[in-house]
Every structure is written in C-alpha cells, then in structure tokens.
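A.B. asks: I'd like to ask some things about the structure below.
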Amino acid sequence: MKFEFIADLDEYFCEKYANYDQLCVMEGYRMPKMQETREDAFGRKYSYTLPADTMSLSKQEKKAEILAALKEKLTDKNFSFSFRPLRFFARISDAFSKQSFKKIFAEIARQHGMSPAQFIEGLDIEPIVWKKILRGKFYPSKNLIFAIAVYGHFNYRDTKTLLQVCGYDFDFSSARDVVLSYLLSRGVFNSAMVAAALEEYKLLPLMLKTENN
C-alpha cells in the first residue's frame, strides 16, 4: 500500500531537487530560457540571468513523467561511516567551544524531552562509538545526524543547526537530503512512513535499529 503523503513528497521533491545537470538530460525535460532582456528608464537594454531554480522540475510541463523516470535512475551514493574522529587539537578547541556538537545536541535533545544518552536505544551504531561522540572525541557523520533527528523528532531548523556545527548542510542536489528535509519539515517520523519515503526514492535506510525503521 502506498501512503497518501508520497504525492506531497513528490511535489516537494520537484520543487526542491537541484541536481540540474541530471534533470536537464532526462527525456522530456525542456531546458528553459535562462537569459532575459529588459529596458531601463533611459531606454537602454540589458540582459540578466534568471535564478537557477528556473530549471526546477516543478516548472516542467511533463514533471510527473520526468519524475517517474528519474526515480528509476536514482541510486543512493551517500553511504558513510557513523562518525569521523576529531584531531587532537580540534578536540581541545571543541571542549572549550559553546558551539560544539555535544553541547548543541544536548540542548536540542533536552528541548525534546530526551537526554543524549537515550539515543543509543534507537541508533544502529556501536555503544562505544556513541559514547565517544558524546565525549567530543568523534563527530557524527551526516547520515548519523539524519538518524538522530528522525529518532528524536527534531525539526528541520534543529537538524540544520546540528549539520552546520559538524561542517555539513542540506544539499538539495542530493535526493537523500531532499527527502529528509521533507520528512523533518513536515514532522513525518512514523517509522513505516519514513521507510516508505526512503524506499520510494531508492535510498538506503537510516542508521536506526530495526524496530525503529
């Protein structure tokens, strides 16, 4: 059974997906005019380039057909480990920073009625790795941050904050980032719905334990 929200996700994806190099070679895609000419108050003509989102799939007449074909071609290339170690001096600097992951994460978790230690109950990673992340020895990978956000029911803004603290951000040329941004901004945390959204776009499951997927 296909969840009704998938249609809304598709609309969001068409609007937000920004891998224009991939879109423009899809069959049926019509490259829009990217240059316009205007006349100023003195009668002089000048040209300007339209914004990149002019190439958005949402503006295509055959967007449904193009999206269906795109879904068939998508492959998830966003595999990563669950963490990246911090170098010695980076750990020292991080320990004194008010903007470290462990401090920002602890505050966001508290706002959601959870403690950082509780997250290991739902994350599919080794407990020793999680302890080192909480101690500031490791930083989580981008994919692990997404899992943390879904498990903790974090919103888009809080997730973006965590990503930026670790040197990442949402990348809308990535199908995974677009789908996750939809789930977080819409507050879709039901495990079956999350799994359905990822499967719809051929994305690998999040780093969550089986009972949470």
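The values are calculated or read from the model by the stated rules, or taken from the named source; none is laboratory data. Bear in mind the structure is a predicted one, so any value in this text is a computation, not a measurement. No Cβ is skipped: glycine too gets one built from the backbone with ideal geometry, and neighbour counts run over all protein chains shown. Protein only, heavy atoms only, side chains kept; ligands, DNA and RNA dropped before computing areas. Shrake-Rupley method; radii C 1.70, N 1.55, O 1.52, S 1.80 Å.
A.B. asks: Ranking request for peptides 197-204, 41-48: highest mean number of other beta-carbon atoms within 10 Å first, then the rest in descending order. Before the final figure, lay out the partial values.
C.D. replies: On the way: 197-204: 17.1, 41-48: 7.2.
Ranked by mean Cβ neighbours within 10 Å, highest first: 197-204, 41-48.
A.B. asks: Follow-up. Suppose R0 equals 25 Å. What FRET efficiency, 1/(1 + (r/R0)^6) with r the Cβ-Cβ distance, do Glu27 and Lys2 give to the nearest 0.05?
C.D. replies: Numbers: r = 24 Å, r/R0 = 0.97.
Rounded to the nearest 0.05, the efficiency is 0.55.
A.B. asks: Hey, with R₀ at 30 Å, roughly what FRET efficiency would Lys77 and Ser115 work out to, going by the Cβ-Cβ distance, to 0.05? Mind dumping the intermediate values first?
C.D. replies: Details: r = 34 Å, r/R0 = 1.13.
About 0.30, to the nearest 0.05.
A.B. asks: Using a 1.4 angstrom probe on the protein heavy atoms only, line up Lys63, Lys73 by accessible area, largest first. Can you show the working numbers first?
C.D. replies: Details: Lys63 55, Lys73 130 Å².
The ranking, largest first, comes out as Lys73, Lys63.
A.B. asks: Could you please state how large a percent of the accessible area of the chain is carbon and sulfur, counting protein chains only and using a 1.4 Å probe? Each step should come with its number before you reach the end.
C.D. replies: Values: 6420 of 12220 Å².
Of the solvent-accessible surface of the chain, carbon and sulfur hold 53 percent.
A.B. asks: Please list, or write none, the lysines whose alpha carbon is within less than 18 Å of the alpha carbon of Lys102, excluding same-chain residues fewer than 8 places away.
C.D. replies: Lys131, Lys132, Lys137, Lys142, Lys160
A.B. asks: Given R₀ = 41 Å, what would the calculated FRET efficiency be for Leu204 paired with Glu36, taking r from the Cβ atoms and rounding to 0.05?
C.D. replies: Values: r = 41 Å, r/R0 = 1.00.
With R0 = 41 Å, the Cβ-Cβ based efficiency is 0.50.
A.B. asks: Also, I was wondering about something else. What is the ratio of the Cα radius of gyration of the chain to 2.2 N^0.38 Å, where N is its residue count, to two decimals? Before the final figure, lay out the partial values.
C.D. replies: Details: Rg = 20.5 Å, N = 213, 2.2 N^0.38 = 16.9 Å.
Its radius of gyration relative to the 2.2 N^0.38 Å reference: 1.22.
A.B. asks: Rounded to the nearest 10 Å², what accessible area does His153 have for a 1.4 Å probe in the complete protein model?
C.D. replies: Here the residue's solvent-accessible area equals roughly 100 Å².
A.B. asks: Something else: With +1 on each Lys and Arg Cβ and -1 on each Asp and Glu Cβ, how big is the dipole of segment 156-213 about its Cα centre, in debye rounded to the nearest 20?
C.D. replies: It works out to roughly 80 debye.
A.B. asks: Taking amide H positions as placed 1.01 Å from N in the peptide plane, with prolines and chain starts having none, which residues 5 or more places from Arg84, or on another chain, fall under 5 Å of its amide H?
C.D. replies: For Arg84, whose amide H was placed from the backbone, the distant partners under 5 Å are Tyr139, Ser141.
A.B. asks: Rounded to a whole number of µm²/s, how large is the Stokes-Einstein D of segment 1-43 at 4 °C and 1.567 mPa s, given Rh as the Kirkwood radius over C-alpha pairs? Walk me through the numbers on the way to the answer.
C.D. replies: Values: Rh = 13.9 Å.
In µm²/s, the coefficient rounds to 93.
A.B. asks: Now a separate question. What three numbers, in Å, describe the spread of the alpha carbons of segment 143-212 along their principal axes, ordered from the longest?
C.D. replies: 29, 25, 20
A.B. asks: Same structure, new question: Of all DSSP beta bridges in the chain, what percent run antiparallel (nearest 5)?
C.D. replies: Working: 9 of 9 bridges.
Just about 100 percent of them are antiparallel.
A.B. asks: Something else now. Under a 1.4 Å probe, what is the accessible area of the chain per residue, stated in Å²? Mind showing how you got there, number by number?
C.D. replies: Details: 12220 Å² over 213 residues.
Result: 57 Å² of accessible area for each residue.
A.B. asks: Using a Debye calculation, one point per C-alpha and no hydration shell, please list log10 I(q)/I(0) for segment 35-80 at q = 0.15 Å⁻¹ in order.
C.D. replies: Here log10 of I(q) over I(0) equals -0.64.
A.B. asks: What 222 nm value per residue comes from the helices of the chain, counting each DSSP H run with n ≥ 4 as -39,500 (n - 2.57) and dividing by all residues, nearest 500 deg cm²/dmol? Walk me through the numbers on the way to the answer.
C.D. replies: On the way: 10 runs with 98 residues, N = 213.
The per-residue figure over the chain is -13500 deg cm²/dmol.
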